[in-house]
Amino acid sequence: MAKRMIRGRSASSLFLIELILAIGFFAVASAVCLQLFVRARMVSVQSADLSRATLAAQSAAEAFRGCGGSLEEASALLGGQEEGGALTVWYGPDWNPCGRENAAYRLTLTRGEGRPVPAEILVSRLEDGSSLFSLGVKTP
């Protein structure tokens, strides 16, 4: 009878050890999968921001070229503010133009001197000050 109890205990102990190992394996696997999902989400957000920043910079470049290098006219087209030889357009989190107080992104078009008129366009994220996209443009 003593042998049966020892066998019964060792069998249940082995089962519990296997169960603990299986739970541990699935916990590690789920942690790895969760990290992958979070990283994929971050890459998706960065990619969307880059795409929208590229479109905003291209629109600003076309407006600047279409206005012949006039910041006043480009400001009226883009809905921005001209300040000291530069045009600034503020964008909200949804990439729609907005005021400075609600802005998440900023497009700055800095005009240079000469003919054709050169300009540098920089789109940046306000949260961390990182540059998303830059573009150089000249009037025809």
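The numbers here are math on the coordinates, done by the rules we state, and not lab data. The structure presented is a predicted model; accordingly, all values stated were derived computationally and were not measured. So basically every Cβ, Gly included, is an ideal-geometry build from the backbone, and we count neighbours across all protein chains shown.
This ranking places Val28, Val89 by how few other beta-carbon atoms lie within 10 Å of each, fewest first, which gives Val28, Val89.
Neighbour counting of Cβ atoms within 10 Å sorts the residues Cys33, Cys67, fewest neighbours leading, into Cys33, Cys67. Restricting the stretch 74-125 to GluC sites (Glu not before Pro) that sit in a DSSP loop and have at most 15 other Cβ atoms within 10 Å of their own Cβ leaves Glu113.
For Leu77 and Phe37, the FRET efficiency from 1/(1 + (r/R0)^6), where r spans their Cβ atoms and R0 equals 41 Å, is about 0.50. Label point of Glu62 set 7 angstrom out along Cα-Cβ; within the stretch 92-120, amide nitrogens under 17 Å from it belong to 96-97. Karplus-derived 3J(HN,Hα) values for the stretch 115-120, using 6.51 cos²θ - 1.76 cosθ + 1.60 with θ = phi - 60°, are 10, x, 6, x, 8, 10 Hz; glycine and proline are entered as x.
Note that the stretch 28-123, at 4 °C in a medium of 1.567 mPa s, gets a Stokes-Einstein diffusion coefficient of 87 µm²/s from its Kirkwood radius over C-alpha pairs.
Contact order for the chain, expressed relative to its length and based on alpha carbon pairs under 8 Å spaced 6+ residues apart, stands at 17 percent. Backbone N atoms of the stretch 118-136 closer than 17 Å to the 7 Å Cα→Cβ label point of Val45 belong to residues 124-132.
Per-residue ellipticity at 222 nm, computed for the chain from helices alone with -39500 (n - 2.57) per DSSP H run of at least four residues, works out to -19000 deg cm²/dmol.
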